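Visitor: Take this structure first; my questions come after.
The values are calculated or read from the model by the stated rules, or taken from the named source; none is laboratory data. Values in this document were obtained by computation on a predicted structure and should not be read as measured data. Note that each Cβ is placed from the backbone with ideal geometry, even for glycine, and that neighbours are counted across all protein chains shown. To get the accessible areas, we keep the full protein, side chains included, count just its heavy atoms, and leave off ligands, DNA and RNA. Shrake-Rupley method; radii C 1.70, N 1.55, O 1.52, S 1.80 Å.
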Amino acid sequence: MSKQVTLTINGKQVIAPEGLSVADAAKMAGIDIPVFCHHPKLEPVGMCRMCLVEIGRPVRDRATGQFVMENGQPKVQFMPKLETACTNKVEDGMVVLTESARATDGQRGTVEFLLTSHPLDCPVCDKGGECPLQNLTMAHGPGKSRFNYDEKQHLAKMVPLGELIYLDRERCIQCARCIRFQDEVAGEAVLGFDERGRHTQIISVSEPGFDSVFSGNTTDICPVGALTTVDFRFGARPWELKAESSICTQCPVGCNTTLNTRREAKADGEVVVKRVMPRQNEEVNEIWLCDKGRFAYHYTEGKERLTRPMVRKEEKLVRASWDNAIKAAAEKLTANKKDFVALASGRLSTEDLFNLKSLADTVGGEAILYSDMGGGELTQVVGVGAGTNLGKMGKGDAILVVASDLYEEAPIWWLRIKQAADRGAALIVANPRQTKLDRFAKYKIHYAYGDEIKTIHDFQKKSRIADEFAKAKNAVIFYGSEGLGVNGTSALASACADLLKETGHIGGANNGLIGVWQRANDQGAFEVGFRPVADLEKALKGKAVYIVGADPAGDDPNYARALKSAKFVAVQDIRETATTEIADVVFPAQAFTERDGTFVSGERRVQRFYAAVPPKGDSKPDYAITCMLAKQMGVILQGTSAAVVFEILAHSVEAFNELTHETLAQVREQWPIVGRSDLYYGGATYENTRGMGVQLVPLAQAGGSVKIQKVRKEAALRPKEKELLAVPSNKLYDRGVTVQTAEFLDGRIGGLYVSLNPATAKKFGVEAGQVVKISFDGAGGEAVVKIDETIATGVALIPRGMGIAIHEPAIAKLGGKVKS
């Protein structure tokens, strides 16, 4: 714990950590000092001068260093000029006056100066109603301006910094919050100042413009209406919006969000989500979101939403009542119990997955997780301990990231690991190719695809890297699915778990294994007993399949063929998909925006989300649909509410035994203090009032016996002379159902491509931009060639979810160019 100092602010004695700024110390004590450029997550710069205060310091005797006493008290000497509260650190005996005549006059002058060139367009400004400048003008500004309106600058009002963020140059007050966030927090200095003096303006210095997956955060911390998102610009007024707490569904980080909603005339009077905002949870996403989590929520709406049950009659799907649809599915599934397969993805809530697994177990069926990644049973044993907070990791700690491009797979983890490295943590990045995290790594290991297990085993041999990892106070391993399938990731997880056990980094906070899963609740699926299979096509052929929250037919034509040969297919989803098109019965499910539930993050943190908008049509929660189907099949499950299902889950699954929806809704005091009452300080982020979640205790922390089951590693594939090794990678913006519905993300999604080393491209006679045919294991397709020098020769890197179905490494043939 840092040393505490005692100072006085406006006559109130305040105790604060040494090194804290006066502005932050005042905030901790409940005293507001107005700021524009200062933000508690950024380094102070003192640019705007809004926080001008009087500061007195105790006089010290130069000879002894002791305080000079006067009337029994330390003598305090004030500086002749006002000082900025954001750049001055607290000291013992300091006296601060924030409301004196001199201080208020200085603050008033700053506001008046800022308004000299600020447009008077509050009635049409997106920030109106949640604008720090507006609020501080009312509190500290002059009643009227002494400057002529004709002298105001008139600048461009809609300048695209990138495809997602617009800049209104007239409104910008040059506080540099956006520039500093991108540089200090995101580590991507893609914004800067151009020109000088009154002509200073914000510009993008990257190509393409504002090339960062964290761009939306700049609109949250912008203290004026200068930065707006393409999604929300002129969409609604803040005071019209209602707010409900939720959890991001795009990746395993589990970012806390707030859904802003309102009734919309152009949506035929329905209540719709207008924007997604961050909700503070310093142990998860702090106050940040990635752009995918912020903008890719539109899959929950649109004409493709399923609103009524459907049954196939005479080769066509026709609408049916719930009773008829349930009876039709139950009859077929009951008749084929021995071939019953429940296929579900991590898009479902924990309650949904629990009911589905309970049904499969009761009828003797198989519960399969729709994923290319295994190893979740090991994170239950040696996962990170309860109390883990990446924000507390730093000097003396170690973090290993293996087979994962976190920037593309879990950006907020990327951000927090980068910050841990900034604080001194030894970051080790092991990947076959270069990733954006390499820039912040102390050690970089580039291995050949197929050598993942060998790389981890080498850690157990004596080397400088292995020694530093073994001696670290705390150590966490993130493992992913770069170049791997179910079997490969399972073997990698086993090797990583063994390494953690051997080095003593299990059973405690900030120690253990984290899987970089493909979906938000894959960990929750493992917790209730789902497991992926290496050959899903084989597992589906000739079976009676109940598919929930997955689109296998749309992802892989081999899966589509397998389902067409199935005895029966029931599909439960929120949208029309390629899989619903071939189903015998279709059940319309509610989106996460329309119901309550829980997700389990990759850090095994169980978190609640809440209903924000009314359900579409006759759709129902997944757990309730499964309950109805089970009852018709003679199985009794609960489906009255998510809370009731969770209560049964908590009694059935040991790791959840102490949990209830109420405990998950508890909150704790957090720093920095953010909220909607003082937007100028922390930005537009929402305070967390609906729950920070609870981490599950892994077996190693609970005192159980830890046995790491060895997984047999298959021999690495090596291509011959005229062959390539096709390997899968993960892409943040893909053509998956949860992303492609956000039209303004099209530029970031892009087209299907295959990445080749320049030497490989030359060998096969192809060039960048050409369309080629690539085939492997009965799959393949056409893709544009992309040249990447960081990829090994003989390798073809193919992104998942972009049009070519690839689940694991495969020997491939390149058919030559189709066209340029």
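Visitor: Specify the residue that is modelled with the highest pLDDT; the eligible residues are those in region 133-152 that are over 24 Å from I221 (Cα atoms) and assigned to a loop (DSSP other than H, G, I, E, B).
Guide: Filtering first and then ranking leaves P142.
Visitor: Hey, another quick one. What is the one condition in (1) closer than 15 Å to V95 by Cα; (2) surrounded by fewer than 14 Cβ atoms within 10 Å (Cβ to Cβ) that R60 does not satisfy?
Guide: (2)
Visitor: Identify, from the list A525, A491, A553, A495, the residue that is crowded, with 23+ Cβ neighbours inside 10 Å, in contact (Cβ under 8 Å) with a residue 24 or more places away in the chain, touching a helix residue (DSSP H, G or I) at 6+ places or on another chain (Cβ under 7 Å) and more than 17 Å from S345 (Cβ to Cβ).
Guide: Working: A525 fails: more than 17 Å from S345 (Cβ to Cβ); A491 fails: crowded, with 23+ Cβ neighbours inside 10 Å; A553 fails: more than 17 Å from S345 (Cβ to Cβ).
The match here is A495.
Visitor: Give me the residue from region 461-480 that is crowded, with 24+ Cβ neighbours inside 10 Å and among the β-branched types (V, I, T) and, out of that set, nearest to Y407 (Cα to Cα).
Guide: Per the criteria, the residue is I477.
Visitor: Considering only residues of region 722-767 that are surrounded by fewer than 15 Cβ atoms within 10 Å (Cβ to Cβ) and of a type in the set (A, V, I, L, M, F, W, C), which is farthest from F295 (Cα to Cα)?
Guide: Only one residue fits best here, namely A759.
Visitor: May I ask you to verify whether G483 is open to solvent by 10 Å² or more (accessible area, probe 1.4 Å), more than 20 Å from G387 (Cα to Cα), not in a helix (DSSP H, G or I) and not hydrophobic (A, V, I, L, M, F, W, C)?
Guide: no
Visitor: Sticking with this structure for a sec: Scan region 78-92 and give yes if some residue there is without any contact (Cβ under 8 Å) to a residue 12 or more places away in the chain, surrounded by fewer than 18 Cβ atoms within 10 Å (Cβ to Cβ), in a loop (DSSP other than H, G, I, E, B) and not aromatic (F, W, Y), otherwise no.
Guide: yes
Visitor: Out of the residues in region 221-244 that are within 17 Å of A296 (Cβ to Cβ) and either modelled with pLDDT under 95 or not aliphatic (A, V, I, L, M) (or both), state the one that is most open to solvent (accessible area, probe 1.4 Å).
Guide: Looking only at region 221-244, we keep the residues that are within 17 Å of A296 (Cβ to Cβ), and these are 229-232, 235.
Going one step further and asking which of them are either modelled with pLDDT under 95 or not aliphatic (A, V, I, L, M) (or both), we end up with 229, 231-232, 235.
Working: T229: 17, D231: 35, F232: 17, G235: 16 Å².
So, considering only residues that are within 17 Å of A296 (Cβ to Cβ) and either modelled with pLDDT under 95 or not aliphatic (A, V, I, L, M) (or both), the one most open to solvent (accessible area, probe 1.4 Å) is D231.
Visitor: Checking the structure you have, find out if any residue of region 475-482 is in contact (Cβ under 8 Å) with a residue 24 or more places away in the chain and of a type in the set (V, I, T). Don't jump to the end; show me each part of the working.
Guide: Kept after step one, since they are in contact (Cβ under 8 Å) with a residue 24 or more places away in the chain, are these residues of region 475-482: 475-482.
Of the ones still in play, those that are also of a type in the set (V, I, T) are 476-477.
Yes; the residues of region 475-482 include at least one that is in contact (Cβ under 8 Å) with a residue 24 or more places away in the chain and of a type in the set (V, I, T).
Visitor: Is it the case that some residue within region 43-53 is in contact (Cβ under 8 Å) with a residue 12 or more places away in the chain, touching a helix residue (DSSP H, G or I) at 6+ places or on another chain (Cβ under 6 Å), assigned to a strand (DSSP E or B) and not assigned by TED's automatic domain parsing to the domain that holds A684?
Guide: Scanning region 43-53, I find at least one residue that is in contact (Cβ under 8 Å) with a residue 12 or more places away in the chain, touching a helix residue (DSSP H, G or I) at 6+ places or on another chain (Cβ under 6 Å), assigned to a strand (DSSP E or B) and not assigned by TED's automatic domain parsing to the domain that holds A684, so the answer is yes.
Residue-wise test of (1) within 30 Å of A26 (Cα to Cα); (2) assigned by TED's automatic domain parsing to the domain that holds C86; (3) not polar (S, T, N, Q).
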residue: G683; (1), (2), (3): yes, no, yes
residue: Q701; (1), (2), (3): no, no, no
residue: K713; (1), (2), (3): no, no, yes
residue: L717; (1), (2), (3): no, no, yes
residue: P728; (1), (2), (3): no, no, yes
residue: R735; (1), (2), (3): no, no, yes
residue: V739; (1), (2), (3): no, no, yes
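Visitor: Only one residue in E130, E54, E43 is among the charged types (D, E, K, R) and modelled with pLDDT under 95. Which one?
Guide: That would be E130, the only listed residue that is among the charged types (D, E, K, R) and modelled with pLDDT under 95.
Visitor: On the basis of being surrounded by 17 or more Cβ atoms within 10 Å (Cβ to Cβ) and assigned to a helix (DSSP H, G or I), does L797 make the cut?
Guide: no
Visitor: Within region 456-468, identify whether any single residue is outside any strand (DSSP E or B), among the polar types (S, T, N, Q) and within 26 Å of the chain's Cα centre (by Cα), and answer yes or no.
Guide: No, the conditions are met nowhere in region 456-468.
Visitor: While we're looking at this one, here's another question. Restricting to region 775-789, what's the tally of residues that are modelled with pLDDT of 95 or more and open to solvent by less than 20 Å² (accessible area, probe 1.4 Å)?
Guide: 2
Visitor: Please tell me if T579 is of a type in the set (S, T, Y) and farther than 30 Å from E282 by Cβ.
Guide: So T579 fits the description; yes.
Visitor: Between residues in region 637-666 that are polar (S, T, N, Q) and residues that are assigned to a loop (DSSP other than H, G, I, E, B) and at pLDDT 95 or above, which pairs lie under 8 Å by C-beta distance while being six or more apart or on different chains?
Guide: S641/D596; Q666/G691; Q666/M692
Visitor: Given K763, K731, which one is closer than 18 Å to A792 by Cβ and among the charged types (D, E, K, R)?
Guide: Only one candidate passes the filter, namely K763.
Visitor: For region 567-598, give me each residue that is under 30 Å from V476 (Cβ atoms) and either in the same structural domain as P278 (by TED's automatic domain parsing) or open to solvent by 10 Å² or more (accessible area, probe 1.4 Å) (or both).
Guide: Answer for region 567-598, where residues must be under 30 Å from V476 (Cβ atoms) and either in the same structural domain as P278 (by TED's automatic domain parsing) or open to solvent by 10 Å² or more (accessible area, probe 1.4 Å) (or both): just F592.
Yes/no matrix, rows are residues, columns are (1) in a loop (DSSP other than H, G, I, E, B); (2) in contact with a Phe, Trp or Tyr (Cβ under 9 Å, 6 or more places away or on another chain); (3) at pLDDT 95 or above; (4) on the phi < 0 side of the Ramachandran plot:
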position: I179; (1), (2), (3), (4): no, yes, yes, yes
position: I202; (1), (2), (3), (4): no, yes, yes, yes
position: S246; (1), (2), (3), (4): no, yes, yes, yes
position: T249; (1), (2), (3), (4): yes, yes, yes, yes
position: V271; (1), (2), (3), (4): no, no, yes, yes
position: K274; (1), (2), (3), (4): no, yes, yes, yes
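Visitor: Kindly indicate the residue of region 743-768 that is more than 31 Å from the chain's Cα centre (by Cα) and part of a helix (DSSP H, G or I) and also farthest from E721 (Cα to Cα) among those meeting that condition.
Guide: Residue satisfying both the conditions and the ranking: P758.
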